[in-house]
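Down below is the structure, laid out as structure tokens.
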């Protein structure tokens, strides 16, 4: 079975990225650089008893994606309890809007952003009344 078990976010500035994801989503980080042979920080994204996966921030090995280019890879989407307050944190901490909040009718609110490192990610707030 091909279940997703880990993700990696490529970053230019490790401390800036740790601050962004730590303050927006409450992630904590563990230094795994010794194992990876490069700056590499494991991202603990939530309680081990909750649904979801952990991942890592890794030092970017090439050029950052250009703003406005088509997505080449996977976009991770984080579940949030309050879409609007999360968006406020994202923008305050240097993130940019990629695709504004929209309804997945009867399911949730969804939108996409660009992090401080130029990567696209989504946020998703379940709401059966979304329309």
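Numbers at a glance
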{"quantity": "Qualifying residue in region 93-106 (condition: surrounded by 11 or more Cβ atoms within 10 Å (Cβ to Cβ), within 13 Å of residue 8 (Cβ to Cβ) and free of Cβ contacts under 8 Å to residues at least 60 places away in the same chain)", "calculated": "no"}
{"quantity": "Top-ranked residue of region 53-71 - restricted to ones that are in a loop (DSSP other than H, G, I, E, B) and within 13 Å of the chain's Cα centre (by Cα), ranked as nearest to residue 14 (Cα to Cα)", "calculated": "54"}
{"quantity": "Of all residues in region 122-131 being in a strand (DSSP E or B) and either over 12 Å from the mean Cα position of the chain (by Cα) or in contact (Cβ under 8 Å) with a residue 60 or more places away in the chain (or both), the one that is farthest from residue 57 (Cα to Cα)", "calculated": "126"}
{"quantity": "Whichever residue in region 51-65 is loosely packed, with under 15 Cβ neighbours inside 10 Å and in contact (Cβ under 8 Å) with a residue 24 or more places away in the chain and, among such residues, is nearest to residue 97 (Cα to Cα)", "calculated": "64"}
{"quantity": "Residue list for region 1-37, restricted to those being part of a loop (DSSP other than H, G, I, E, B) and surrounded by fewer than 11 Cβ atoms within 10 Å (Cβ to Cβ)", "calculated": "1, 2, 3, 4, 5, 6, 26, 37"}
{"quantity": "Residue under evaluation residue 74, criteria (1) surrounded by fewer than 15 Cβ atoms within 10 Å (Cβ to Cβ); (2) within 13 Å of the chain's Cα centre (by Cα); (3) under 30 Å from residue 128 (Cα atoms); (4) at pLDDT 95 or above, criterion not met", "calculated": "(4)"}
{"quantity": "Qualifying residue in region 90-106 (condition: within 26 Å of residue 131 (Cα to Cα), at pLDDT below 95 and assigned to a loop (DSSP other than H, G, I, E, B))", "calculated": "no"}
{"quantity": "Checking residue 48 against (1) over 15 Å from residue 117 (Cα atoms); (2) touching a residue at least 24 places away in the same chain (Cβ under 8 Å); (3) assigned to a loop (DSSP other than H, G, I, E, B); (4) over 13 Å from the mean Cα position of the chain (by Cα), the condition it does not meet", "calculated": "(2)"}
{"quantity": "Matching residues in region 77-89 - criterion: being surrounded by 13 or more Cβ atoms within 10 Å (Cβ to Cβ) and either more than 11 Å from the chain's Cα centre (by Cα) or not in a strand (DSSP E or B) (or both)", "calculated": "80, 83, 86, 87, 89"}
{"quantity": "Filtered residue count, region 10-27, keeping only those that are more than 16 Å from residue 79 (Cα to Cα) and touching a helix residue (DSSP H, G or I) at 6+ places or on another chain (Cβ under 7 Å)", "calculated": "1"}
{"quantity": "Failed condition for residue 116, given (1) free of Cβ contacts under 8 Å to residues at least 24 places away in the same chain; (2) assigned to a loop (DSSP other than H, G, I, E, B)", "calculated": "(1)"}
{"quantity": "Residue match in region 64-71 (condition: in contact with a strand residue (DSSP E or B) (Cβ under 6 Å, 6 or more places away or on another chain), on the phi < 0 side of the Ramachandran plot and modelled with pLDDT of 95 or more)", "calculated": "no"}
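The values are calculated or read from the model by the stated rules, or taken from the named source; none is laboratory data. Just so you know, these numbers come straight off a predicted model, no measurement behind them. In this analysis, Cβ positions are derived from the backbone assuming ideal geometry, glycine residues included, and neighbour counts consider all displayed protein chains.
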